[in-house]
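Data block below; observations after.
The values are calculated or read from the model by the stated rules, or taken from the named source; none is laboratory data. Small disclaimer: the values here were computed from a predicted structure and weren't measured. Please note: Cβ atoms are built from the backbone with ideal geometry, for glycine as well, and neighbour counts cover all protein chains shown. Accessible surface is based on the protein model in full, side chains and every heavy atom, while ligands, DNA and RNA are left aside. Shrake-Rupley method; radii C 1.70, N 1.55, O 1.52, S 1.80 Å.
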Amino acid sequence: MQILYKGIPPKEVRYQSTCSNCKSVLQYRKEEVKYEGSHRNGTYYSYTCPVCESNQTVEEGYSMKEIKD
């Protein structure tokens, strides 16, 4: 089989978001954040900022952006 385009396995996809409290820009994989649930308006994850220790909630595709290499 020939590979025409090599994708990224789901566990290796990296995301980026900005802490709304201290404005630190963070990069992580989904396994490093907590799944909070899916609602009609989106899928949400949460984490504790490693800089200011505030609790953050991010929406996949909006405030949680996939990093494309």
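Quick notes
- The residues in the stretch 1-32 that are more than 18 Å from residue 45 (Cβ to Cβ) and open to solvent by less than 80 Å² (accessible area, probe 1.4 Å) can be counted, and the count is 3.
- From the list 43, 18, the lone residue that is touching a residue at least 40 places away in the same chain (Cβ under 8 Å), more than 9 Å from the chain's Cα centre (by Cα) and within 15 Å of residue 62 (Cα to Cα) is 18.
- Taking the criterion of being open to solvent by 100 Å² or more (accessible area, probe 1.4 Å) and at pLDDT below 90, the residues of the stretch 48-69 that qualify are 62, 68, 69.
- Output for the stretch 45-69, where each listed residue is closer than 15 Å to residue 23 by Cα and part of a loop (DSSP other than H, G, I, E, B): 49, 50, 51, 52, 53, 54, 63
- Of all residues in the stretch 21-48, those that are out of contact with any Phe, Trp or Tyr (no Cβ under 8 Å at 6 or more places or on another chain) and more than 19 Å from residue 67 (Cα to Cα) total 6.
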